[in-house]
Amino acid sequence: MKYGYFDEEQKEYVITRPDTPAPWANYLGSPDYGAIISNNAGGYSFVKSGANGRILRYHFNSDDTPGRYLYIRDDASGDYWSASWQPVGKDLAVYKNECRHGTAYTKITAEYQGITSEALYYVPLNKTYEVWRLRLQNTSQTERKLSAFGYAEFTNDSNYEQDQINLQYTLFITKTYFKNNKILQTINQNELKDKEGSNGKERFFGCVGTEVTSYNGDKTAFLGSYRTYGNPIAVEKGHCDNVLNYNSNSCGALHSSFTLQPGETKEIVYILGRYNDKDSDEILKAYEDPGVTEKEIQELKDYWHGKLNNFQVNTPSSEFNSMINTWNAYQCFITFIWSRAASFIYCGQRNGYGYRDTVQDIQGIIHLDPAMAKERIRFMLSAQVDNGGGLPLVKYDHNAGNEDTPDDYSYVQATGHPAYRADDALWLFPTILKYIGESGDTGFLKEVIPYANKEEDTVYGHLKRAIRFSMERQGDHKMPAGLHADWNDCLRLGKKGESTFVAFQLYYAMSIIKDFAKDQKDSEYIEYINKVQGELFDTIQSLCWEDDRYIRGIKEDGQVIGSKKDAEASMWLNPQSWAVISGLADREQGEAALESVHRELNTPYGVRLMAPSFVDHAFPGALAILFNPSTKENGGIFSQPQGWIILAESLMGHGNRAFEYFKGSSPAMQNDHAEIRVLEPYVHGQFTESTDSPFEGRSHVHWLTGTASTVMVGCVEGILGMRPDLYGLRIAPSIPSDWKEITIKKVFRGKSLNIRVENKDGAEGGYKEMYLNGVRQEDNYIVENSLKEENEILLVM
Ligand code: IFM
C-alpha cells in the first residue's frame, strides 16, 4: 500500500493518506529549540534538551498524542474537524488531507465542507520558538461563520520524567494567565513577574491575526472529563470558558470566531515558546507583518537546500536520487544534531553523546558541510582520554581537560558505563580521513586539542594514542581485546576476549595513520606501523579465516564465536564487510566472504546481522538472546551494517550487488508497500525484523540511527565512487550494469564539479578513461590543484 510520494523538486515527502501505519515524523528547529511533528500534527517541543527542556507534552507509547492541534468549527452547524486528520479523525471519504514534510517545516492541508485549511509548522532559523500558521479559505458559495481553536499542552515541568511521573508534585506548581492575546504559563512562581529574558519557567502560546474570543489555560476545562483530544468540550460547545490553571494540568487554548465570505481567506499565526510576558509580546508583534512567515520559510529552505545542494546526483533510480539528494542527507544532519536525544522512541534521558555513534554520525555530513563536521570532530577528540580511549558517553556538559574517566567510580556512576569499549576511538580514523579528504585541511593534523581528563596533543598525536590504546590492550592471541564491548552492544567476549571487527578496525586505522605519518614526515612511526600492521595481518589471517568467512571473535576462555560449525550464529555480517573495507582480505577471500553473506544472510529486506538467531545455543555473553529471534542484534536486519556491506561490495567493484543491498534495505524502495515496513518510507530505522518474525520486513526506531551515515557513505563513497584522500579525489563508481549514465554535482574543496559517468557497455565497476575539462587524465584520480572554479568531468566505464 502506498501512502505518499517523493516530490524531488520541492525536496518534500508528500503524504496523501493520513492513516499511515505509524505516525510519520519530521524534525523542526535547531539544537537550541527542537520540535518533532507527525503527519497528524502529533509531537513535542523542547528547549535545548529533550529530557530537561520539554515544553510541549507528549505521551510515549501511545499513537502520537497530543500535538499541535488546530480545530476548526462551523458555528452554524456545530460540526468540527481538525486541520490535521487526527485528532478529530473525520471520515476520509469526505475529509481530504495532504501532509508535506519538508526540510525543517511541515505543511498540512485539508478540505472539508467547503473550507480549505493549511497549517504550516516551523521553527524560524536562529530562533527559539515555533510558528503554526493557519490559513483558512471559504471555498463554498455561502457566508460561513467559523471558529478556530489552537491547542498547546504545556508540560508542568521542563523535566520530562517529573512531568510524567512525579504528579504529587508537578500537578501543583503551575499557573496560567491570559494577557494580550496569549496564554502565559508559569512554573513554581506565585505571581507573574516581568523579567529580562526567560528564566526557563515561563512559556507562552499566543496568536496574531485574530482577536481571541475565549480561552482556557486549564487542560480539563478545554477537553472536558472523560473526553479525548478528538472531542474537546470547548470545541463542541463552540467556546472556551476562560478557565485558568491552578493546581492541575495547564494548557494554552485560544479560540477565535469570525465570518468568511465566499472566496475569503483568513490567516492566524500561533506562536509557542519559552519566553516571559514582555518578550513574548515582542515576538508576537513581529508577526503582525503578514510577509514575515513567507520570508522565514524561504530562509529555512535556502539554508537547508543550500547544504544539500553541495552534493546532488541524477541516476536512473528516482528512489536512490531522493534518498541521497534529500532524505538520507537530511536524516544525516538530524542525527548529527540530535544524536539519540529526541524522537517518538527516544525521550532524551541519556545525558550525552555516545562516542562511537557520534563519531560515525559525523561521516554522513562531511561531503555536505565539512566545516560543521570539523567542529564536532574537535569536540569528540576532546572527549578522548589521555590513554587514547574514548569516553563511552560524552556528557552534554562535557568539560574537556577536567573529566573523570571509566577508571573513576564517579564517571561510572554518572553515566552507567562501567568500562572502556574496544572500538570507540578507532572510529576517529575513517572520520578524520574523510574530513581531511573532503576539505583538504591537512593542517588539522597539527591542531592542538585537549584530552578529556588532562593534557593535550595535536590531532595526529591523539590518533597515535588511539592506536596505542588498542596495542596496549590485547588478548592472548595478540588481537585487540574486546574490553566491555565492540560495535555490538550485545556481544560480551570478555575483557580479554578478541573481536575480529575491532581487529579489522585497527588494521584499517593503521593504514590511515600511515598516510597521515607520511604527510607529517614521521618516518620512525611509519616503520613502527609497518611492523605491527604486518604482525596483526598475520594473526588475523591465521586465526580468523575459516574456509569462506571470517569468524566473529574469540572469547576470553578461548571459545571461537561465529564459526561455521556453530549451531547458531555461525555466520556474521560485519567481519565479512569489514575484512574488505579494512583492505585486509585478499581478492579471493573478499569474494568468498561476500558470497557467503549473500547466500546465508540476505533477505528481501536487507542483510541479517547474523544467522541463525540465538534460540538454544547462546553462550554466556551473547546478550542478543534477550531479543526475540530475527530482532535487533539477534539475527535481525540491523540497518547500520547495510551501509558497510554496500560499501564493501562497491569496493570490490560489484555494482549490481551493492545496489541490490541498497534496494533491499532502502526506505524509499518500500514506498509502495509501506504497510509492511510501517516506518516512514523516507528515513532509515535502527533495524528491520527478519525471517523468523511473523512480521518480516517491519522496521523500528525511526530517524535517530547511525544507519543514516553508514548508508550515505556506502552510497556516496561506494556506489557513486567519490573517494577523496589527502591530496585529491578518486572517482570510482560501482553502479548497477543497467545504469547507462549518471551525473553528479559536487562541491569539492570550494570548487564545483559536474561529473558525468558514461556506462554504455554495461559495466558494474572499473573505468576506461577519464577527462577533466576536456583533457584526458592518466587515471581516475584528480589532484586538487588541477581544478578550476567550475569543472566538467567525464568518466567512461
Ligand atoms: O553500535 C551500537 C550503537 O552504539 C547503539 N545501538 C546499537 C548498535 C549495535 O549494538
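Bear in mind these aren't lab numbers, they're just calculated from the coordinates by the rules spelled out. From a predicted model like this one, the values you see are computed outputs, not experimental measurements. Using ideal geometry, Cβ is built from the backbone for each residue, glycine included, and neighbour counts are taken over all protein chains shown.
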Compute the distance from the alpha-carbon center of region 660-710 to that of region 161-186, in whole Å. 39 Å
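Rounded to a whole number of µm²/s, how large is the Stokes-Einstein D of region 438-528 at 10 °C and 1.306 mPa s, given Rh as the Kirkwood radius over C-alpha pairs?
109 µm²/s
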Assuming 0.36 nm per residue, please report the length gained on full extension of the stretch D515 to D586 beyond their Cα-Cα distance. 23.5 nm
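Can you check what the Kirkwood hydrodynamic radius comes to for region 269-409, Cα pairs only, in Å to one decimal? Kindly include the intermediate steps, with their values, before the conclusion.
Details: mean 1/r = 0.0544 Å⁻¹.
Computed over region 269-409, the radius equals 18.4 Å.
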Burial-style ranking of 256-262, 419-425, average other-beta-carbon count within 10 Å with highest first, yields 419-425, 256-262
What do you get for the angle between helix 370-381 and the principal long axis of the chain? Use alpha-carbon atoms, 0 to 90 degrees, nearest ten. 70 degrees
About its Cα centre, the chain carries a charge dipole, from +1 on Lys and Arg Cβ atoms and -1 on Asp and Glu Cβ atoms, whose size in debye to the nearest 20 is 840 debye
Highest-first arrangement of 375-382, 525-532, 268-275, where packing means the average Cβ count within 10 Å: 268-275, 375-382, 525-532
Report, to the nearest 10°, how far helix 500-519 tilts away from the longest principal axis of the Cα atoms in the chain, using its own Cα long axis and a range of 0 to 90°. 80 degrees
Taking only C-alpha positions in region 477-610, Rg and Dmax in angstrom work out to 15.4, 50
Just from its helices, what would the mean residue ellipticity at 222 nm be for the chain, if runs of 4 or more DSSP H residues each count -39500 (n - 2.57) and the sum is divided by every residue, rounded to the nearest 500 deg cm²/dmol? -8000 deg cm²/dmol
Determine the distance separating the Cα centre of region 356-396 from the Cα centre of region 270-294; give it in Å without decimals. 36 Å
Cβ-derived FRET efficiency at R0 41 Å, N188 paired with E211, nearest 0.05: 0.85
Given a Förster distance of 45 Å, the FRET efficiency implied by the Cβ-Cβ spacing of D761 and N785, rounded to the nearest 0.05, works out to 0.90
Going fewest to most other Cβ atoms within 10 Å around each Cβ, K746, K496, K760 line up as K760, K496, K746
Which semi-axis lengths, in whole Å and largest first, follow from the square roots of five times the eigenvalues of the Cα gyration tensor of region 58-145? 25, 17, 12
Counting other Cβ atoms within 10 Å of each Cβ, which GluC sites (Glu not before Pro) in region 251-343 have at most 12 and sit in a DSSP loop? E288
Calculate how steeply helix 277-286 sits against the longest principal axis of the alpha-carbon atoms of the chain, using the helix alpha-carbon long axis, and give the answer as 0 to 90 degrees to the nearest 10. 90 degrees
Assertion target for S62, S693, ordered by fewest C-beta neighbours within 10 angstrom first, is S62, S693
Placing +1 on the Cβ of each Lys and Arg and -1 on the Cβ of each Asp and Glu in the chain, which of F222, S322, P575 has its Cα farthest towards the positive end of the resulting dipole? F222
Using alpha carbon positions and the Kirkwood radius, the Rg to Rh ratio of region 730-794 is 0.96
Binned Cα-Cα distances of region 651-797, short to long, each 5 Å bin given as a whole percent: 2, 9, 17, 18, 15, 13, 10, 8, 5, 3, 1, 0
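On average, how much area does the Cα convex hull of the chain cover when viewed from any direction, in nm²?
34.8 nm²
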Considering the dipole of region 258-356 built from charges on the beta carbon (Lys and Arg +1, Asp and Glu -1) around the Cα centre, which of N276, Y355, F258 is farthest to its positive end? Y355
Zone reached by a paramagnetic label modelled 7 Å from E143 Cα along Cα→Cβ, restricted to region 53-82 with backbone N below 16 Å, covers 75-77
Taking the inverse of the average 1/r across all pairs of different Cα atoms in region 209-349, what Kirkwood radius in Å do you get? 19.6 Å
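How compact is region 385-448 by the rule of thumb for globular proteins, expressed as Cα Rg over 2.2 N^0.38 Å?
1.32
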Surrounding net charge for G224, when Lys and Arg each add one and Asp and Glu each subtract one, Cβ distance under 12 Å: 0
Specify the inter-centroid distance of region 427-449 and region 736-781, based on alpha-carbon positions, in whole Å. 26 Å
Listed with the fewest Cβ neighbours within 10 Å leading, D586, D441 appear as D586, D441
Calculate the spin-label point distance for D91 paired with D616, positioning each point 7 Å from the Cα along the beta-carbon direction, and give it in nanometres. 5.5 nm
I need the Debye-formula profile for region 104-188: one equal scatterer per C-alpha, no solvent, reported as log10 I(q)/I(0) at q = 0.11, 0.12, 0.19, 0.26 1/Å, two decimals. -0.52, -0.60, -1.01, -1.22
In whole Hz, the Karplus estimates of ³J(HN,Hα) for region 119-133 (6.51, -1.76, 1.60; θ = phi - 60°; x where Gly or Pro) are 10, 10, 10, 6, 10, x, 4, 6, 10, 10, 8, 10, 10, 10, 9
To the nearest whole percent, what portion of all C-alpha pairs in region 1-153 is separated by more than 23 angstrom? 36 percent
